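Since the structure comes first, as structure tokens, the remarks are kept for the end.
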Amino acid sequence: MAKKMLLLIVAILLAVPSSFAATYQIDPAHTQIHFTIPHLMVFKVRGNFNDFSGRVEADPASNSLSSAQATIQVASIDTRNQKRDDHLRSADFFQAEKYPEMTFVSKSVSGNGSDIQVVGDLTIRGITKEITLNGAFLGAATDPWGNQRTGFEATGKLNRKDFGLTWNKALETGGVVVGDEVEIGLEVEAIKEN
């Protein structure tokens, strides 16, 4: 009888989820989505996207994520140079009028704390490719208005040509105007849904 009771308790414990993830909406006022790309082989252009939305499933008790998704408005690109931003919105690059949004949807998340890996599908210009983001769960807090917040950061790399962003010009001295490898970074603060 004791053995059956012990087996029943173990079965109940295994059936109960070990984490209690909740949904958090990204807070655009306290989130940054940015990128860096080589220019003329001697400089790195840095830029941001200023209009986006998204959500994460997170469990502050275990410092972990279980999913993430985001939608970014391509026209919100900002490299602090209007002429360059207009060129990036054009058909040479993002073709923002035809493809106004880029999206990211996680497929798997592993690790916790300062060692989290998020694998997901990134879609730019209608082309979807799998990328990996490496990041960290930065913590949780309650703000002065009673909202529960969490923080995350992540970095990754991609080849812009994989997404049809192929425009370039050769330099007389060798090399090209725009590098292929793009470094991406995110600092995210999110608010728990009620």
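The values are calculated or read from the model by the stated rules, or taken from the named source; none is laboratory data. Bear in mind the structure is a predicted one, so any value in this text is a computation, not a measurement. Cβ atoms come from the backbone with ideal geometry, glycine included; neighbour counts cover every protein chain shown.
So which of 184, 131 ends up being aliphatic (A, V, I, L, M), within 22 Å of residue 69 (Cα to Cα) and in contact with a His (Cβ under 8 Å, 6 or more places away or on another chain)?
After applying the criteria, what remains is 184.
Filter the stretch 89-120 down to the residues that are without any contact (Cβ under 8 Å) to a residue 24 or more places away in the chain and either buried (at least 16 other Cβ atoms within 10 Å of the Cβ) or under 18 Å from residue 34 (Cα atoms) (or both) and list them by number.
Matches in the stretch 89-120: 89, 96.
Quick check on residue 129: is it under 24 Å from residue 44 (Cβ atoms), outside any loop (DSSP other than H, G, I, E, B), among the basic types (Lys, Arg) and in contact with a Leu (Cβ under 9 Å, 6 or more places away or on another chain)?
Details: under 24 Å from residue 44 (Cβ atoms): yes; outside any loop (DSSP other than H, G, I, E, B): yes; among the basic types (Lys, Arg): yes; in contact with a Leu (Cβ under 9 Å, 6 or more places away or on another chain): yes.
Spelling it out, residue 129 is indeed under 24 Å from residue 44 (Cβ atoms), outside any loop (DSSP other than H, G, I, E, B), among the basic types (Lys, Arg) and in contact with a Leu (Cβ under 9 Å, 6 or more places away or on another chain).
Regarding residue 3, is this residue assigned to a helix (DSSP H, G or I), charged (D, E, K, R), modelled with pLDDT of 95 or more and surrounded by fewer than 10 Cβ atoms within 10 Å (Cβ to Cβ)? Explain how you work it out, then say what you get.
Details: assigned to a helix (DSSP H, G or I): yes; charged (D, E, K, R): yes; modelled with pLDDT of 95 or more: no; surrounded by fewer than 10 Cβ atoms within 10 Å (Cβ to Cβ): yes.
No.
Which members of the stretch 160-192 meet the condition of being over 23 Å from residue 127 (Cα atoms) and within 19 Å of the chain's Cα centre (by Cα)?
Answer for the stretch 160-192, where residues must be over 23 Å from residue 127 (Cα atoms) and within 19 Å of the chain's Cα centre (by Cα): 187, 188, 189, 190, 191, 192.
Scan the stretch 67-84 residue by residue and report those that are in contact with a Lys or Arg (Cβ under 9 Å, 6 or more places away or on another chain), among the hydroxyl-bearing types (Ser, Thr, Tyr) and outside any loop (DSSP other than H, G, I, E, B).
Within the stretch 67-84, just 67 meets the criteria.
Is the stretch 85-105 home to any residue that is more than 20 Å from residue 180 (Cβ to Cβ), part of a strand (DSSP E or B) and of a type in the set (S, T, N, Q)?
Within the stretch 85-105 (the criterion being more than 20 Å from residue 180 (Cβ to Cβ), part of a strand (DSSP E or B) and of a type in the set (S, T, N, Q)), the answer is yes, since at least one residue qualifies.
Condition first: in a strand (DSSP E or B) and free of Cβ contacts under 8 Å to residues at least 40 places away in the same chain. Now tell me which residues in the stretch 18-46 satisfy that.
43, 44, 45, 46
Between a residue in the stretch 64-83 that is free of Cβ contacts under 8 Å to residues at least 40 places away in the same chain and any residue that is of a type in the set (S, T, N, Q), which pairs come within a Cβ distance under 6 Å, given they are 6 or more apart or on different chains?
Once the first residue is free of Cβ contacts under 8 Å to residues at least 40 places away in the same chain and sits in the stretch 64-83, its partners that are of a type in the set (S, T, N, Q) give 71/53; 71/103; 76/50; 78/48; 78/50.
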